[in-house]
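Below is one structure, written out as structure tokens, with a few remarks after it.
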Amino acid sequence: MNLSITGRQLELTDPIKEYIEEAVDSLSKYNLDIISVRVIVAADEKSAKRGFNVDFVINLAKKETIVIKQKDKDLYAAVDLAIERAKKVLRRTHDKITTLKGKKGTADDEIQENIIIDADEIVPMELELYKPLEIEEALQKLKESGLQFYVFNDMDAKMRVIYKRSDNKFGLY
């Protein structure tokens, strides 16, 4: 990553340059291909207010350029605020790339495949619903099976569910 620090109407001292370099180095944790970062620090003396403008221009590989402008009365505070905004933008860009909606073939896809492999297997079964049942017959089958619910077709060819409620009564859908 190339880093360029420029001072306008301001002399950049070594502590200021080191502080900006450390701040820019913290942007590499997002694993994005950052080609270059250009930092422009300018003193602002408009209308008797002394302050600083800090501009970050971040060039990413295969992406658009990210431009962040920040003003503050304190130079270090302006750099900190600009870096926080840059981190937020880079985190969002990183998240877009690594989600399933983004590029395919990321580490998240491998994790998703492992989850699917470890999931319980669903085994299709033949249902005993060849003939319609009366509600009383379905209730009897539910009582005999000891299950929580029983699905059946009634005499009107509607699919119905009879179930055992928590108060030991039965419900019917």
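Read-outs throughout are calculated quantities, based only on the coordinates presented, and are distinct from any laboratory measurement. All values derive from a computational prediction rather than experimental measurement. Quick reminder, even Gly has a Cβ in these numbers, built from the backbone with ideal geometry, and neighbours come from all protein chains shown.
In table form, for the structure just shown:
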| read-out | value |
| --- | --- |
| Sorted by Cβ density within 10 Å, fewest first, the residues 69, 169 | 169, 69 |
| Above-threshold pairs, the threshold being 18 Å between Cα atoms, out of 29/69; 71/96; 69/96; 29/88; 131/164 | 29/69; 71/96; 69/96; 131/164 |
| Per residue convex hull volume, Cα atoms of the stretch 2-104, in Å³ | 94 Å³ |
